[in-house]
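Just so it is clear, none of the values below were taken in a lab; they were calculated from the coordinates. Here the structure is a predicted model, which is why all the values come from computation and not from measurement. Don't worry about glycine lacking a Cβ; one is built from the backbone with ideal geometry, like all the others, and counts go over all protein chains shown.
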Amino acid sequence: MNKHILLLSAAAILVAGCAAPLPVGERPKLAAADLDQLVAMSKRDFRARGIAGMDRVELDAALRTCNLYNDEPPREVAQPLEEAMLKAIPFPAGSLMGDWKRGQALAQSGRGMTWSDKPNTANGGSCYNCHQLSPQEESFGTLGTSLRNFGKIRGTSEAIQRYTYGKIYNSKAYNLCSQMPRMGHSKTLNEQQIKDLTAYLLDPNSPVNK
Amino acid sequence: MLKTLMGGVALALAAAMPLQAQVDIRKETQRWQQMIAEGSPAELFEIEGEDLWKKKQGPKNVSLEGCDLGQGPGVVKAAYARLPRYFADADRVMDLETRLLHCMLTLQGRSREDAARRVFGNEDRPSEMELLSIYIAGQSRGVPMAPGTRHAKEREAFELGQKLFFHRAGAWDFSCSSCHGEADKRIRMQFLPVMSQPEGVRKIVATWPTYLVRNAQVKTMQWRIWDCYRQMRWPEPVFGSEATVALTQYLTVTGQGEPYAGPGTKR
């Protein structure tokens, strides 16, 4: 009896809700004002903790654009932003290939950048969280594309090294709304670490290419 | 010829393998989850939570039994399944934990500092908030999830939560949708539910709070959102803030209708 009343009242609430259905399952279209509201709310409802400062809720031009266009900005909007970021990547002189073995350890490590990480701990690249790389590592994520045989397919030319280094440094310079974190731009990884990851991806001796 | 053929077979095998592995991982995880759900310690925590609900505390030395969770003062039956909802006395939408905190402040006269000092517990000892949440949620077993959707502020909270779900920021440019936006994706071996769709989120909103085996702890929705933002490399969300309640409102409305089946055990 009690159960019936409960079910009935739950049904009544549902029916009332149906009178003007909320846009369940949809992705809302945003106006610039919505974005300002979200940033203001982030500033009010989040707080700095440990290494995670409030600068992290600020949006740069790239992220603002991606949020505004639901990650699908018109080409003419995206292109100048990509070009500006590409120009800003500080490519080191000389070879961009570091040590693939150190790169492997970085690819495995998902440490760093959370408020529970200490300022002096070495950050990892978190690569395996989203990508398949070496066939020996079966625990890999699938949010990103498979990078298996990345170098075997592309070779190790200067242009490929530059692309690989740049893509890790700032993925959004190549695809504005890429889901991949900007590992160099966000200061997660330093120059040497990105070189080591470049080697892990490109070196013919790296398990990625075996 | 033979070599080409062998190569072809090897390629076909290699192509088939990840798919095979995926199917097995999912099946194995489900089997394991079923196994651990049968021996959930959540019910023990419910008893502790009930004691805390009835315990006189604070400067006013009263229990929380007079707390109105939306169904009238002291009514715990089916209260959790109707949250979040709008509360006129606070003029805002509240989820369970935000409402409990509100009652600790207003009813028991405790300071916010005292009541919110330890909202998340650890392996040694769950927090008061976690034990209370487990007890209250347990009183909604079998009741379809039906958060408030009629009041203008309830609708506003849903819409705000929906926008926040897709909002990218933080050191790594992540939104909730970065991980929970596409079907059949994993982080390492962990499959990720699509939380923006009813079929992905129904079972989830109907099973929190829960006992988490990996943490050996009782955990609530406020904690789940908090820990997601930690891993998203954002700053820390404030407990019970409008942003966290809006997200819970968005997820619960998206998953509404599912009979509440917690608090149980999750990996």
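The residue among B:Phe158, B:Pro126, B:Gly240 whose Cα reaches farthest toward the positive pole of the charge dipole of segment B:40-266, with charges on the beta-carbon of Lys, Arg, Asp and Glu, is B:Phe158. Were the residues from A:Ala61 through A:Gln136 laid out at 0.36 nm apart, the gain over their Cα-Cα distance would be 23.1 nm.
Shape class for segment B:143-223, computed from the alpha carbon gyration tensor (a ≥ b ≥ c): oblate, with a/c not under 1.5 and a/b at or below b/c. Seen through its C-alpha gyration tensor, with square-root eigenvalues sorted a ≥ b ≥ c, segment A:69-191 comes out rounded because a/c lies under 1.5. Taken about its Cα centre, chain B carries a charge dipole of about 460 debye when Lys and Arg each add +1 at the Cβ and Asp and Glu each add -1 at the Cβ.
Where the only charges are on Cβ atoms (+1 Lys, Arg; -1 Asp, Glu), what is the dipole of the protein assembly as shown about its Cα centre, to the nearest 20 debye? Dipole size: approximately 540 debye. A cysteine counts as unpartnered when no other cysteine's C-beta lies under 4.7 Å of its own; in chain B this applies to B:Cys176, B:Cys179, B:Cys228.
Taking a ≥ b ≥ c as the square roots of the eigenvalues of the alpha-carbon gyration tensor, segment B:206-267 is classed oblate because a/c is 1.5 or more while a/b is no larger than b/c.
Summed over qualifying helices (DSSP H, 4 residues or more, each -39500 (n - 2.57)) and divided by its residue number, chain A shows a 222 nm mean residue ellipticity of -13500 deg cm²/dmol. Hydrodynamic estimate: the Kirkwood radius of segment B:40-266 over Cα pairs, inserted into Stokes-Einstein at 10 °C and 1.306 mPa s, corresponds to D of 90 µm²/s.
Straight Cα distances below 21 angstrom link A:Lys172 to the lysines A:Lys87, A:Lys187, A:Lys195, with same-chain residues fewer than 8 positions distant left out. Which of these, B:Trp172, B:Trp208, B:Trp226, has the largest mean-square fluctuation under a Gaussian network model of chain B (Cα springs below 10 Å)? Result for chain B, Cα springs under 10 Å: B:Trp172 fluctuates most.
Given the options B:Arg155, B:Arg214, B:Arg188, state which has the largest fluctuation in a GNM of chain B using a 10 Å cut-off (strictly under) for Cα springs. Maximum among the listed residues: B:Arg188.
Dividing the C-alpha radius of gyration of the protein assembly as shown by 2.2 N^0.38 Å, with N its residue count, gives 1.07.
In straight-distance terms, cross-link reach from B:Lys55 covers every one of the aspartates and glutamates whose alpha-carbon lies under 12 Å from its own, apart from those fewer than eight places away in the same chain; here that gives B:Glu65, B:Glu128.
Under a model in which nothing but the beta-carbon of Lys, Arg (+1) and Asp, Glu (-1) is charged, chain A shows a dipole of about 380 debye around its Cα centre.
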